[in-house]
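Here the structure comes first, spelled out in structure tokens, and everything after it is commentary.
The values are calculated or read from the model by the stated rules, or taken from the named source; none is laboratory data. If you're wondering where the values come from, they're calculated on a predicted model, not measured in any experiment. Using ideal geometry, Cβ is built from the backbone for each residue, glycine included, and neighbour counts are taken over all protein chains shown.
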Amino acid sequence: MRNKSNKKFMLLSAIGIFMVVDSHTFTAFNLFGNYIPYNSFFMPMFVFISGYFNKVDSSTKLSAFLRRKIRTLLLPYLGISVAVFGLQWLIDLYKLGEVPSYPPGYLVYMLQRVVTIGAPYALVTPMWFVISLFSVLMVYAVMKKRLFRIWHSYIMFPIFACLNLLVVYLAKNMDPVTLENILLPLKVLFLLPFIELGILYREYLEGKHEKLSGGWKVGLLFALLIVNVVRSNYMPLAYDIAFDRIDDLSGFTSPYIITPLISSIIGIAFWLTIVDLLGKPLQESRLVNYISCNTFWIMGFQIAFFNVLNCILMAINENLITLPYFNSEYFMESEWYYWEINSNVRSIYVVFGLFGPLVLKLLYDKIVSSVVRKK
């Protein structure tokens, strides 16, 4: 575990991954989610964070950049996907009581999903983001390297914003089969403005934002909340300011194609201000630092650990006491089953989804360290 030096963005990424886990339990905690819905900004916020740390310029060697992103993005993606598949095999073995079998062509099916949805199978669905992030970083690096002499963030951001609007329009109007065939390039275009927004913030806005007094920051938070309340009232449904499914671009329910871009900017600005205003006590936390250093592990293993919890609950239900409303049949049919007896149980899923991967990573690190010492 490295000790991250940029404490603000360390905390921001830790909050972001907590929101990812919480959203997959139907928001057990729902931090300001009634006003700033998680699904209105948190995946663009991770791209924004990557943009903030992006230092591509005319001197960047694209081959070295590519190797670094393969090492830091694609190799962890591959390792976690393989590990979770093994865990899924064990979970299916327990659920079904027999050795799991897979239909012919299942490997090809998984590979097709990697280049469309972004995740090879259901248990690692949140990992779609890694393929999209790798792709958008590479496209951005090539563009900026080639156009560096005429590149300016205040010019490129509006251009990328227009591409974002075009993607939302196409996603809302395109035939689903055609849309699936070009999902990855469309997701790249959708996410490009948030790379540039991170750079804009770093180079032009961060100093001004941090210099705001506490009173102005509180005022900014309330203003952003009010803007979203007003926007929600103008939508057919209040939740239309959110967009649930960037992985397959099917969650744009707002009648306005600009809604996802505005919602993302508001959500990012809101949580940046929260971190600036209230984050100081948490910025020295070793736990927060560890969460921030292992967002990929949490993203990749969270659904698997939801299922591990379900296996424990099913064992209790079948062998010890009957758990009210726990449905073993539903669990055997779906990786997304939750025991929804009350909100407190959903909170337990969040704990498993967040800390299960961290404990696994801790054990992995200890094993690797032990092997290295022996060598």
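For the stretch 129-136, state whether one or more residues are closer than 22 Å to Tyr338 by Cβ, in a helix (DSSP H, G or I) and at pLDDT 95 or above. Scanning the stretch 129-136, I find at least one residue that is closer than 22 Å to Tyr338 by Cβ, in a helix (DSSP H, G or I) and at pLDDT 95 or above, so the answer is yes. The set of residues from the stretch 89-99 being over 28 Å from the mean Cα position of the chain (by Cα), without any contact (Cβ under 8 Å) to a residue 12 or more places away in the chain and surrounded by 10 or more Cβ atoms within 10 Å (Cβ to Cβ) comprises just one member, Leu93. In the stretch 43-59, the count of residues that are under 22 Å from Leu197 (Cβ atoms) and of a type in the set (Asp, Glu) is one or more.
Helices (runs of 4 or more DSSP H) wholly in the stretch 206-325 with at least 2 residues that are within 28 Å of Ile131 (Cα to Cα) and touching a Lys or Arg at 6+ places or on another chain (Cβ under 9 Å) - which ones? In the stretch 206-325, 259-278, 286-293, 295-319 are the helices (runs of 4 or more DSSP H) which contain 2 or more residues that are within 28 Å of Ile131 (Cα to Cα) and touching a Lys or Arg at 6+ places or on another chain (Cβ under 9 Å).
With respect to (1) outside any loop (DSSP other than H, G, I, E, B); (2) under 26 Å from Pro255 (Cβ atoms); (3) at pLDDT below 95, the lone exception for Arg113 is condition (2). Taking the listed residues Thr72, Thr125, Thr178, the one that is closer than 19 Å to Ile303 by Cβ and polar (S, T, N, Q) is Thr125, with no other qualifying. Among the residues of the stretch 219-258 satisfying the criterion of being without any contact (Cβ under 8 Å) to a residue 60 or more places away in the chain and either of a type in the set (D, E, K, R) or in contact with a Cys (Cβ under 6 Å, 6 or more places away or on another chain) (or both), which is surrounded by the fewest Cβ atoms within 10 Å (Cβ to Cβ)? Going through the qualifying residues, I end up with Arg245. Figure legend. Inter-residue proximity from the stretch 290-318: first residues under 15 Å from Pro76 (Cβ atoms) and surrounded by fewer than 18 Cβ atoms within 10 Å (Cβ to Cβ), second residues modelled with pLDDT of 95 or more and among the polar types (S, T, N, Q), beta-carbon distance below 6 Å, spacing 6+ or different chains. No pairs are indicated. Out of Leu212, Leu278, one residue alone is loosely packed, with under 15 Cβ neighbours inside 10 Å, out of contact with any strand residue (DSSP E or B) (no Cβ under 9 Å at 6 or more places or on another chain) and at pLDDT below 95. It is Leu278. When Leu93, Leu73 are checked against the criterion of being touching a helix residue (DSSP H, G or I) at 6+ places or on another chain (Cβ under 7 Å), of a type outside the set (Lys, Arg) and part of a helix (DSSP H, G or I), a single residue qualifies: Leu73. With respect to (1) in contact (Cβ under 8 Å) with a residue 24 or more places away in the chain; (2) in contact with a Phe, Trp or Tyr (Cβ under 7 Å, 6 or more places away or on another chain), the lone exception for His209 is condition (2).
Might you check whether a residue that is over 30 Å from Pro255 (Cα atoms), buried (at least 18 other Cβ atoms within 10 Å of the Cβ) and not basic (Lys, Arg) occurs anywhere in the stretch 139-159? Scanning the stretch 139-159, I find at least one residue that is over 30 Å from Pro255 (Cα atoms), buried (at least 18 other Cβ atoms within 10 Å of the Cβ) and not basic (Lys, Arg), so the answer is yes.
Scanning the stretch 24-69 for residues that are outside any loop (DSSP other than H, G, I, E, B), surrounded by fewer than 17 Cβ atoms within 10 Å (Cβ to Cβ) and either without any contact (Cβ under 8 Å) to a residue 12 or more places away in the chain or among the small types (Gly, Ala, Ser) (or both) returns Ser63, Ala64, Arg67, Arg68. The test for being more than 24 Å from the chain's Cα centre (by Cα) and of a type in the set (Asp, Glu) does not hold for Glu206. Can you pull out every residue in the stretch 313-357 that is under 28 Å from Ile291 (Cα atoms) and aromatic (Phe, Trp, Tyr)? Within the stretch 313-357, Trp336, Tyr337, Tyr338, Trp339, Tyr349, Phe352, Phe355 qualify.
Residues considered: Tyr349, Tyr338. Of these, the only one that is surrounded by 16 or more Cβ atoms within 10 Å (Cβ to Cβ), under 23 Å from the mean Cα position of the chain (by Cα) and part of a loop (DSSP other than H, G, I, E, B) is Tyr338.
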